[in-house]
Amino acid sequence: MPEISEEGWKSALTCIISELDAEQYNRMLELLRKVPKGRRTDREKTPQMIIEHYGVEDSIFAITDAMEKIPRRDSAVQDLLRPFVEKLRNKQEKKNQGKKRKCETNSESEELEQESAAGFKKNNVVSDSDSSDEEQDAAADQSKKCRSDTEQKVQKWRKTIHDLRTAGDLGDKAMIGKVVQKSGLRTYNTKKKMTKFFFYLGVADDTASIKVMVYGKEHYKKIEEGSHWLFRNVIMDENMIKITKNSKIAKTSCVVISEELELEARMLIYPQSPVCSIKEAKMSEDKKMLSVEGTVREIRPLESLKSKRRKKERQDFRLEDETGFIVISLWGNDIKQLRGTSTGDLVRVTNVKTNDYYETVSLNSTDFTRIFKVQSANVQNVEIEIVGITKANKMGTELEANINGSVQTLVVDSPLIAKVFEIKLNGNIEEKLLDKMPLSAKAKIKGSKIQNMKAA
């Protein structure tokens, strides 16, 4: 197994950090407590600074944990992180196997020595190869120590979720796992007509996933999605475990799970309605719950809608597959699910409802809607002609660009476009860009984001 290259990891970490918005970047720095606050400078120096204070391997673990807590579980980040996590996992497995083999070899050697000694004594032969009692005791102690180390590695105190579902009981052991999904806080009434609280968790480890029911609301704020927990003294009820006041829970170290098991754990809390084509969705009856999969072609600006009762926020995006396109409206907190998504990404949108308005069918988000990125948009090197400026400030610029005869909406960091076209980041940036039009450039784009550009 080749060693992890510091330069390779630094390059990947640089890309990961570039995917974070300002809020996510600051949250990451808060979580990396080994990095002194006085040394937190610009993003370009951040990867080297993290590696200096954590080392290569520990920084991979630290960033993995940080991305879970921010959270950034989308493929744009995870695809960069995954190869290094897998290398560390393989390295640890290889180390454990080597240690196990060493223990087995020591155990076999001890048995051979005992058999040889017995043979010499039986034939009344004295040999220089006879070991003393002290040497035999030392060998036995070493073998015992190795076996103890091996048992510790396989975590005899723990049951995997797979074993728990097979056995149907934890007994005196514990289960550890990652909280992938958390439901809202729910209520039920007791026989004495008292209102009690509970919520559900979708939990997974490296073997399987399981639904967890937690009674009481004291744990609700504490148990966050993406965190890792140890569970003990639980009640097993068919394929679900229940956490009661007699159960023990504690935070534990990071558990690395596959995307398939993560998706499986999410579906335990929010089951997925049938996936259909966009054409089938448009032909469905009004208010029908369904799921669709396609490529994001446009993400529209956030809108604030005022009604008599309250103010609502909505964000629309256009999804396309081989059968057509449809507009999906995300409402309120569901809007956050678009974070890390860009045009060109292939996504699956689950549990949305059809909305037939004057013979135009769109889809609305529900409490159970989830967006899963199936594949990130490809990076393209293209020539662009900027034909319009939608908005511009010191942080970012949204523009309309002609790419091969088709006009697309692109976004770019304002410091980059200011550097390329030699304007100053003060005053009216929009007017300064308009004064220099027409503007042409060679650009590296991913979805709707311009990652780099050079004036043509």
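Working only within region 197-215, note down all residues that are assigned to a loop (DSSP other than H, G, I, E, B) and either closer than 18 Å to Lys251 by Cα or of a type outside the set (Gly, Ala, Ser) (or both). Correct list: Asp205, Asp206, Thr207. Among Glu218, Glu225, which is touching a residue at least 60 places away in the same chain (Cβ under 8 Å) and either over 20 Å from Ile269 (Cβ atoms) or in a loop (DSSP other than H, G, I, E, B) (or both)? Sole residue among the options that is touching a residue at least 60 places away in the same chain (Cβ under 8 Å) and either over 20 Å from Ile269 (Cβ atoms) or in a loop (DSSP other than H, G, I, E, B) (or both): Glu225.
Out of all the residues in region 268-285, is one or more in contact with a Lys or Arg (Cβ under 9 Å, 6 or more places away or on another chain) and charged (D, E, K, R)? So far as region 268-285 goes, no, none of its residues is in contact with a Lys or Arg (Cβ under 9 Å, 6 or more places away or on another chain) and charged (D, E, K, R).
Of the strands (runs of 3 or more DSSP E) contained entirely in region 238-332, those carrying at least 3 residues that are surrounded by 14 or more Cβ atoms within 10 Å (Cβ to Cβ) fall at 240-243, 289-299, 311-321, 324-331. Among the residues of region 280-293, none qualifies, meaning not one is assigned by TED's automatic domain parsing to the domain that holds Lys211 and of a type in the set (S, T, N, Q).
Checking each residue in region 418-456 for being closer than 18 Å to Gly388 by Cα, out of contact with any Lys or Arg (no Cβ under 9 Å at 6 or more places or on another chain) and of a type in the set (D, E, K, R) picks out Glu431, Asp435, Lys436, Lys449. Restricted to region 346-412, the set of strands (runs of 3 or more DSSP E) holding at least 1 residues that are under 25 Å from Lys312 (Cα atoms) and of a type in the set (Val, Ile, Thr) comprises 346-357, 360-364, 370-375, 379-392. Of all the listed residues (Thr14, Thr64, Thr46), the sole one being of a type in the set (Ser, Thr, Tyr), surrounded by 14 or more Cβ atoms within 10 Å (Cβ to Cβ), within 16 Å of the chain's Cα centre (by Cα) and outside any loop (DSSP other than H, G, I, E, B) is Thr64. All of Lys156, Lys251 fail the test of being closer than 27 Å to Asp58 by Cβ and at pLDDT below 90, apart from Lys156. Lys446 fulfils the conditions (1) surrounded by fewer than 14 Cβ atoms within 10 Å (Cβ to Cβ); (2) under 17 Å from Glu298 (Cβ atoms); (3) basic (Lys, Arg) except for a single criterion, (1).
Can you tell me which residue within region 352-361, out of those that are in contact with a strand residue (DSSP E or B) (Cβ under 8 Å, 6 or more places away or on another chain) and among the polar types (S, T, N, Q), is surrounded by the fewest Cβ atoms within 10 Å (Cβ to Cβ)? The extreme case among them is Asn355.
Here is a yes/no grid of residues against (1) surrounded by 18 or more Cβ atoms within 10 Å (Cβ to Cβ); (2) under 23 Å from the mean Cα position of the chain (by Cα); (3) of a type in the set (Ser, Thr, Tyr); (4) at pLDDT 90 or above:
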site: Lys193; (1), (2), (3), (4): no, no, no, no
site: Gly202; (1), (2), (3), (4): yes, yes, no, yes
site: Asp205; (1), (2), (3), (4): yes, yes, no, yes
site: Lys211; (1), (2), (3), (4): yes, yes, no, yes
site: Lys217; (1), (2), (3), (4): no, no, no, no
site: Tyr220; (1), (2), (3), (4): no, yes, yes, yes
site: Glu225; (1), (2), (3), (4): no, yes, no, no
site: Trp229; (1), (2), (3), (4): yes, yes, no, yes
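Residues that are in contact (Cβ under 8 Å) with a residue 12 or more places away in the chain and among the aliphatic types (A, V, I, L, M): does region 314-323 have at least one? Within region 314-323 (the criterion being in contact (Cβ under 8 Å) with a residue 12 or more places away in the chain and among the aliphatic types (A, V, I, L, M)), the answer is yes, since at least one residue qualifies. Out of Asn426, Asn378, Asn364, one residue alone is closer than 30 Å to Lys282 by Cα and loosely packed, with under 13 Cβ neighbours inside 10 Å. It is Asn378. Considering region 381-399, and only residues there that are farther than 11 Å from Ile429 by Cβ and within 32 Å of the chain's Cα centre (by Cα), the residue that is surrounded by the most Cβ atoms within 10 Å (Cβ to Cβ) turns out to be Leu399. The requirement of being touching a Gly at 6+ places or on another chain (Cβ under 7 Å) and not aromatic (Phe, Trp, Tyr) is satisfied by Glu400. In the set (1) touching a Ser or Thr at 6+ places or on another chain (Cβ under 9 Å); (2) modelled with pLDDT under 90; (3) over 28 Å from Arg73 (Cα atoms), Lys306 fails one condition alone, (1).
The values are calculated or read from the model by the stated rules, or taken from the named source; none is laboratory data. For clarity, every value in this text was computed on a predicted model and none was experimentally measured. Cβ: placed from backbone, ideal geometry, glycine included. Neighbour counts: every protein chain shown.
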